[in-house]
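Colleague: My questions will all concern the structure given below.
The values are calculated or read from the model by the stated rules, or taken from the named source; none is laboratory data. These numbers come from a predicted model, not from an experiment. Here Cβ is always computed from backbone atoms with ideal geometry, including for glycine, and neighbour counts include all displayed protein chains.
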């Protein structure tokens, strides 16, 4: 499956691209770059996928400029690859057919903050950290936290979530409306600012998670949430993965409104201890965060302690002071670097399965056994309240034999999740890496997706080669 | 706008329908009815829209039977109108082009309840009351409550919500996956049982709210929630609508996890007092419900009392005993009957605007003034935590002058909401009644919706004449 990234050059019409880039440079001058370094930076840089650079990079300043550029590209049948912060993990920003990368990071204005309605309107290049800094004084915050300081447009496009999703939902639940430049350059506004609506098809939810294959998101209206009166963090170790998973199931089943519940396996804890100079016992460990009123948080912590005891959880390591909390969650966010430290010189390969939580224990235990038997260095960390976990495979990408074993392992992992009525991707998206698995997971339903794609992008110029497998497209031709 | 329900007979091919019905009767026997009474019961019966009966009604027992019937209809270009409990409010089940109504109420099996995952799989004809009765012993419940005992398939199709949505979300947030029979009879499964997924386009959310215009929903996987440890209800009166709205804004802004917060204006209270033999002061009144732990509910009530006092709210009328709670919410649910009692012999015309809550006070006050100036009998009730309210216009439908005034009033109401960045429908859907307003609200975006519709239902046989205005279709032809 890993090798399913071959370049199909049928779309690449040298003349068309050259002409379009020429027109774009004439129109936008310095805002269009063909510099090789810049082009490479606008291809996949986070994963093992080969770098497939675009022919040019365009840095627009407005929705109208995006529209104009898309019209030029459409006229010449040139692929368009929307680009945010470049932190996606499945080759989502690669340019397998060449084309123009539209880098929205310069469109980073916060257009409106509506405190009473707890929403805001931002340009697509605004990052989550920038937004949270901006709204700090209002007592509101934007909860979606995928780890990286991604742009909101990118986060919407991959339907991102992360550590807070168990309480605050994913981008699916937090985007109220979008401005999108369609494949013909027309500008559409979806959704609105009402908290709910039954007015026609849910086009907002269609663009969220479409990975730029249906249009370029240029503006978003997103929900904000009130900063809770009290926040408390804690860690809790368990004798084995299954006990930790059972504690998670009980917590969710009890309706405890936990804000974060992250599971790190013993290998991941070792990596974090090494990298972040912590001294957590090397056992499966839950990192927790409770949000609420002062009294509410105390009550939540007491209830969780009861649940944890039932599943042989350790006494709590609590972090009530903001600086201790920050240190704890920084360690959690730094797992990427911690993993690299575990096997210097290796490359990080991300996985992203998500299963119904009743199957989480099964799925994690089987996967850990599989890692051991395959002989991989591969810590596990999970947003377990949602049933979502990542195996971070640390790979020597020059060892063909090992890469084959990893390929097989990832295949088994994804199919294991799919067989458990789960998904091969909880939050990273399909990109290039999981197109085959999307077919396994959704079968004929992918044909409906493709019909929608064709309807809104008849020329297949919007981020082609993502989500839909070439083999699938060929089957339909 | 009200008169935009004229029958366009271009789709009605007498021969096609007769042949299809004949085939259906040969294949399904008694499960296909052409009885006039039954046909009339399967057209719009809840609103002022004219009754437009289908040519036949089919009562399937399985997804496969639905698929077979759709294939027969597709072969003869015959419209299909999916039917649940018939409680929709915008003519959504009318058959303006004739065709076959597919009544799913007989497909009422609960196929699986997954307690640990807090979800269940049901056939589309299962009603919300039936489901809640069934899962009672598990300590779980299905929160969406639109008032009527609707089927889950119908609720998904109109993106229903109701009194609990402020805390538990709408059908959009609570459907995890669907089985849908497409316009060509093929069967598709969308979504899955994982709590989140980034695997391809969100087809589930596309079918939720599509009002049967993209396919027939035959099965659903929906979320369940834990029955809270403690529930407390209360009423609180305010000197005027604006104060009540301000109390609502403060409640939401404070992050109080209120389960229900319903606003009834003084006319609606009078109607409820008359019908349900209650003695609530005839002032704008909030009906509230708090869910949580024992301590949590006490804390919530105290916080709300503080907020209410700030906006001159009355002392609480609290209903802690389950029977008192039931009586209170029964009165709320019975507003339909209460309204009819307010003007005997009149017909109930529903409206359904939803605005950002910062505009709720403005919108309600302007609307109340408009009602007064227009001389209408029209109580107001709202799911105000979401910014959604209903004006129930009690109409003498034989008085052409009054009907014109009502038509104008509804036009002003919908446009007022749209101008406030809200929507003409928070939860009832577009149906036949709001097709013109959808265009006002979403403009060119409706063209994208129509492109999706054409892609998935090229023959326009799935519930034609709903969502999309004839004038709009003509413009595109």
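Colleague: Hey, which of the strands (runs of 3 or more DSSP E) in the stretch A:367-477, taking only ones fully inside, have at least 2 residues that are within 14 Å of chain B (Cβ to nearest Cβ)? Don't jump to the end; show me each part of the working.
Modeller: Details: elements: A:380-383, A:388-391, A:393-395.
In the stretch A:367-477, the matching strands (runs of 3 or more DSSP E) lie at A:380-383, A:388-391.
Colleague: Taking the stated definitions as given, is residue B:110 in contact with a strand residue (DSSP E or B) (Cβ under 7 Å, 6 or more places away or on another chain), closer than 30 Å to residue B:396 by Cβ and either assigned by TED's automatic domain parsing to the domain that holds residue B:195 or surrounded by fewer than 24 Cβ atoms within 10 Å (Cβ to Cβ) (or both)?
Modeller: Numbers: in contact with a strand residue (DSSP E or B) (Cβ under 7 Å, 6 or more places away or on another chain): yes; closer than 30 Å to residue B:396 by Cβ: no; either assigned by TED's automatic domain parsing to the domain that holds residue B:195 or surrounded by fewer than 24 Cβ atoms within 10 Å (Cβ to Cβ) (or both): yes.
No: the conditions fail for residue B:110.
Colleague: Shifting gears a bit: Among the residues of the stretch A:267-311, which ones are outside any helix (DSSP H, G or I) and either without any contact (Cβ under 8 Å) to a residue 12 or more places away in the chain or over 30 Å from residue A:394 (Cβ atoms) (or both)? It would help to see each step written out before you state the result.
Modeller: Our first condition is that a residue be outside any helix (DSSP H, G or I); within the stretch A:267-311, this holds for A:277-293, A:311.
Passing the criteria: A:277, A:279, A:290, A:291, A:292, A:293.
Colleague: Let me spell it out: the conditions are (1) touching a residue at least 40 places away in the same chain (Cβ under 8 Å); (2) within 23 Å of residue B:155 (Cβ to Cβ), and residue B:50 meets all of them except one. Which number is the exception?
Modeller: Failing condition for residue B:50: (2).
Colleague: To continue, here is another question. Any residue at all in the stretch B:249-269 that's away from chain A (no Cβ under 14 Å) and more than 27 Å from the chain's Cα centre (by Cα)?
Modeller: Taking the stretch B:249-269 as the starting set, the residues that turn out to be away from chain A (no Cβ under 14 Å) are B:260, B:262-269.
Adding the requirement that they be more than 27 Å from the chain's Cα centre (by Cα) leaves none.
The answer is no, given that none of the residues of the stretch B:249-269 is away from chain A (no Cβ under 14 Å) and more than 27 Å from the chain's Cα centre (by Cα).
Colleague: Right, here's the next one. For residues in the stretch A:300-317 being within 14 Å of chain B (Cβ to nearest Cβ) and touching a strand residue (DSSP E or B) at 6+ places or on another chain (Cβ under 8 Å), which is surrounded by the fewest Cβ atoms within 10 Å (Cβ to Cβ)?
Modeller: A:301
Colleague: Follow-up question, since we're still on this one. Identify, by number, the condition in (1) farther than 19 Å from residue B:460 by Cβ; (2) assigned by TED's automatic domain parsing to the domain that holds residue B:33; (3) not in a loop (DSSP other than H, G, I, E, B) that residue B:82 doesn't meet.
Modeller: In the conditions (1) farther than 19 Å from residue B:460 by Cβ; (2) assigned by TED's automatic domain parsing to the domain that holds residue B:33; (3) not in a loop (DSSP other than H, G, I, E, B), residue B:82 misses (1) alone.
Colleague: A follow-up question, please. Please report, ordered by residue number, the helices (runs of 4 or more DSSP H) entirely within the stretch B:105-222 with at least 3 residues that are within 14 Å of chain A (Cβ to nearest Cβ). Spell out the reasoning first.
Modeller: Numbers: elements: B:128-135, B:152-157, B:165-168, B:171-174, B:203-207.
Answer list for the stretch B:105-222: B:152-157, B:165-168, B:171-174, B:203-207.
Colleague: Residue by residue through the stretch B:223-235, note down the ones that are crowded, with 22+ Cβ neighbours inside 10 Å and either within 11 Å of another protein chain (Cβ to nearest Cβ) or at pLDDT 95 or above (or both).
Modeller: B:224
Colleague: Among the residues of the stretch B:85-104, what is the count of those that are in contact with a strand residue (DSSP E or B) (Cβ under 8 Å, 6 or more places away or on another chain) and part of a loop (DSSP other than H, G, I, E, B)?
Modeller: Just the residues of the stretch B:85-104 that are in contact with a strand residue (DSSP E or B) (Cβ under 8 Å, 6 or more places away or on another chain), to begin with: B:85, B:93-95, B:99-104.
When the remaining residues are screened for being part of a loop (DSSP other than H, G, I, E, B), the result is B:85, B:93-95, B:99.
Final tally of qualifying residues: 5.
Okay, residues lined up against (1) touching a helix residue (DSSP H, G or I) at 6+ places or on another chain (Cβ under 9 Å); (2) assigned by TED's automatic domain parsing to the domain that holds residue B:245; (3) surrounded by fewer than 24 Cβ atoms within 10 Å (Cβ to Cβ); (4) within 23 Å of residue A:117 (Cα to Cα):
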position	(1), (2), (3), (4)
B:378	yes, no, no, no
B:382	yes, no, no, yes
B:387	yes, no, no, yes
B:402	no, no, yes, no
B:407	no, no, yes, no
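Colleague: Among the numbered criteria (1) crowded, with 24+ Cβ neighbours inside 10 Å; (2) more than 28 Å from residue B:286 (Cβ to Cβ); (3) within 23 Å of the chain's Cα centre (by Cα), which one does residue B:468 miss?
Modeller: Every listed condition holds for residue B:468 apart from (1).
Colleague: For the structure I just gave you, tell me whether residue B:317 is under 29 Å from residue B:253 (Cα atoms), at pLDDT below 90 and touching a helix residue (DSSP H, G or I) at 6+ places or on another chain (Cβ under 9 Å).
Modeller: Numbers: under 29 Å from residue B:253 (Cα atoms): yes; at pLDDT below 90: yes; touching a helix residue (DSSP H, G or I) at 6+ places or on another chain (Cβ under 9 Å): yes.
Criteria met by residue B:317.
Colleague: Here is a follow-up. In this structure, is residue B:361 surrounded by 17 or more Cβ atoms within 10 Å (Cβ to Cβ), within 11 Å of residue B:245 (Cα to Cα) and over 21 Å from the mean Cα position of the chain (by Cα)? Explain how you work it out, then say what you get.
Modeller: Values: surrounded by 17 or more Cβ atoms within 10 Å (Cβ to Cβ): yes; within 11 Å of residue B:245 (Cα to Cα): yes; over 21 Å from the mean Cα position of the chain (by Cα): yes.
When the stated conditions are applied, residue B:361 passes them.
This table checks each residue for (1) surrounded by 18 or more Cβ atoms within 10 Å (Cβ to Cβ); (2) modelled with pLDDT of 95 or more; (3) outside the structural domain of residue B:325 (by TED's automatic domain parsing).
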position	(1), (2), (3)
B:248	yes, yes, no
B:255	yes, no, no
B:259	yes, yes, no
B:262	yes, yes, no
B:273	no, no, no
B:277	no, no, no
B:281	no, no, no
